[in-house]
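What follows is a set of notes on a single structure, which appears directly below.
The values are calculated or read from the model by the stated rules, or taken from the named source; none is laboratory data. Note that the structure is predicted; figures quoted are calculated from it, not measured. Positions of Cβ are backbone-derived with ideal geometry, glycine not excepted, and every protein chain shown enters the neighbour counts.
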Amino acid sequence: MKHTRMLIRPLVTAATAITVSVLLLCGSADALVYMPVADDIIKSCGESVDDKRCIFVLNDPINSMKEGRIYFDFRSCIPSGITYSQLRTVIVDYLISYPEKGKISYQVVIGAAISEAYPCPPNPHYKLVLRDLDNTILERQNFTADTDNAAISSAARACDNVPKCATSELYQRGDLLSSLGGGPAMMAMFKEARTYKIVLRDSSNAALQTVEYEDLNPGIIVMMGRLCYRLAQCEKAEVYQKDILVFSKSRSEMATYMPYDETQVIPP
């Protein structure tokens, strides 16, 4: 997938319980290992697809696919009578049939296995819903696309052209396939949330300088110190957000966060 948007709702449960950084029970009852690759599915499900470890590993990704949502570029149309146990068996059997895929991402294998077993019939018709930060619908559009990925790219571009758009939702046959965050309104909100105003003051509390700063890297206190130590008269720095005082630090307090060579007064 070439777009840079965030898949929000379709992956939220799967990403919460099964990510590269999540520790999973595997092997002996008291052993903890990472599960970054598909081979680790076999470690959890090899004895039984109904083992609690296997259920923990696979049920959340299965939930996303049972709801018809796009999971790591894959989608399936699972008949209503198919059980979780059957779907876990599909995944394990797929790995046994394709052992060479054991070293790739477990998400890709889960998606590939289920979508191969229960493919969706071709359907070029999609519906797009654009929402603002309050989740109010801004626009609805029906359109066609050759693939799900092409439809997602169109949804992302449509949101980019609407200043109030925060998220774009993609539907097919009434089912939510994906929800993409990162629209102009959402990005503006993120920028506002990390934008601060730094006010430098002298010993009489008079303002010497005001600077806007996005708290990325270095941290806000380090930046306060760097600005303050450039002015011999600076005795304090205050940080405001939306004109509300967040905190203030004295010159000596800021020095504790900075290397010694940065606490020397820099000539203007």
Problem set entry | Restricting region 90-133 to residues that are modelled with pLDDT of 90 or more and among the hydroxyl-bearing types (Ser, Thr, Tyr), the residue that is farthest from the chain's Cα centre (by Cα) | SER97
Exercise. Within the bounds of region 177-184, is there any residue that is more than 18 Å from the chain's Cα centre (by Cα), under 30 Å from GLY68 (Cα atoms) and not in a loop (DSSP other than H, G, I, E, B)?
Worked result: no
Exercise. On the given criteria, is LEU138 modelled with pLDDT of 95 or more and either outside the structural domain of LEU245 (by TED's automatic domain parsing) or outside any helix (DSSP H, G or I) (or both)?
Worked result: yes
Exercise. In region 191-204, is there at least one residue being among the hydrophobic types (A, V, I, L, M, F, W, C) and at pLDDT below 90?
Worked result: yes
Problem set entry | Residue satisfying condition, being under 27 Å from MET65 (Cα atoms) and among the basic types (Lys, Arg), within set ARG201, ARG226, ARG230, ARG173 | ARG173
Exercise. Name the pairs whose Cβ atoms lie under 6 Å apart, with the first residue in region 45-73 and over 19 Å from ALA112 (Cβ atoms), the second among the small types (Gly, Ala, Ser), and 6 or more positions between them or separate chains?
Worked result: ASP50/SER85; ARG53/SER44
For this session: Report yes if GLU169 is surrounded by 14 or more Cβ atoms within 10 Å (Cβ to Cβ), acidic (Asp, Glu) and out of contact with any Asp or Glu (no Cβ under 6 Å at 6 or more places or on another chain), otherwise no.
Result: yes
For this session: Taking ALA113 as the residue in question, decide whether it is assigned by TED's automatic domain parsing to the domain that holds MET65, out of contact with any strand residue (DSSP E or B) (no Cβ under 8 Å at 6 or more places or on another chain) and small (Gly, Ala, Ser).
Result: yes
Exercise. Do we find a residue being surrounded by 15 or more Cβ atoms within 10 Å (Cβ to Cβ) and assigned to a strand (DSSP E or B) anywhere in region 74-87?
Worked result: yes
For this session: Tell me which of these TYR34 doesn't satisfy, since it passes every other one: (1) aromatic (Phe, Trp, Tyr); (2) at pLDDT 50 or above; (3) exposed (fewer than 15 other Cβ atoms within 10 Å of the Cβ).
Result: (2)
Exercise. Is it the case that SER179 is on the phi < 0 side of the Ramachandran plot, touching a residue at least 60 places away in the same chain (Cβ under 8 Å) and in contact with a Pro (Cβ under 9 Å, 6 or more places away or on another chain)?
Worked result: yes
Problem set entry | Residues satisfying the stated conditions in region 189-208, i.e. closer than 16 Å to TYR240 by Cβ, outside any helix (DSSP H, G or I) and either in contact (Cβ under 8 Å) with a residue 12 or more places away in the chain or under 30 Å from the mean Cα position of the chain (by Cα) (or both) | ARG194, THR195, TYR196, LYS197, ILE198, VAL199, LEU200, ARG201, ASN205, LEU208
Problem set entry | TYR98, sole failed condition from (1) assigned by TED's automatic domain parsing to the domain that holds GLU67; (2) in contact (Cβ under 8 Å) with a residue 12 or more places away in the chain | (2)
Exercise. Hydrophobic (A, V, I, L, M, F, W, C), assigned to a loop (DSSP other than H, G, I, E, B), crowded, with 16+ Cβ neighbours inside 10 Å and in contact (Cβ under 8 Å) with a residue 24 or more places away in the chain - does that describe any residue in region 216-233?
Worked result: yes
